[in-house]
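Each value in this text was obtained by applying a stated rule to the coordinates, not by laboratory testing. Because the structure is a prediction, the values reported are computed rather than measured. Counting neighbours? That spans all protein chains shown, and the Cβs are built from the backbone with ideal geometry, glycine included.
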């Protein structure tokens, strides 16, 4: 499940819940790209509700980050569950997405 909402400071938040894998990563990527197409400023992907993420989820986040940078804004993630944070760190993308490397 993916939903969008705004926070103060023109920040758009993409809130994700459940598993982000081969079957569901398209929904995440489409939400990110759709928000960017609609002129979203800084974009934050809230991963607090994500219980599992595979490489297709990581790829969706990186594609969104690249699109944000090309559009002159940023994409960061926040509040990943420990297992998701571990995946982002093991794939060496944590820092690219605004997380600490450890």
**Complete:** Helix 55-70 sits off the longest principal axis of the Cα atoms of the chain, rounded to the nearest 10 on a 0 to 90 degree scale, by 30 degrees
**Request:** May I ask you to derive the relative contact order of the chain, considering only C-alpha pairs under 8 Å and at least 6 residues apart, and to give it as an integer percent?
**Result:** 26 percent
**Prompt:** Taking springs between alpha-carbon atoms closer than 10 angstrom, which of 55, 38, 24 fluctuates most in the Gaussian network model of the chain?
**Reply:** 38
**Item:** Beta bridge orientation in the chain: antiparallel %, DSSP, nearest 5
**Value:** 35 percent
**Prompt:** Which residues in segment 5-34 have a backbone N closer than 11 Å to a point placed 7 Å from the Cα of residue 56 along the Cα-to-Cβ line?
**Reply:** 20-28
**Request:** May I ask for the angle, rounded to the nearest 10°, between helix 25-37 and the longest principal axis of the chain, with both axes built from Cα atoms and the value confined to 0 to 90°?
**Result:** 20 degrees
**Item:** Top of 51, 91, 73 by mean-square fluctuation, Gaussian network on the chain, Cα under 10 Å
**Value:** 91
**Message:** Per residue, how big is the convex hull of segment 2-97 when only Cα atoms are used? Give it in Å³.
**Reply:** 80 Å³
**Prompt:** Which of 49, 72, 41 moves most in a GNM of the chain, Cα contacts under 10 Å?
**Reply:** 72
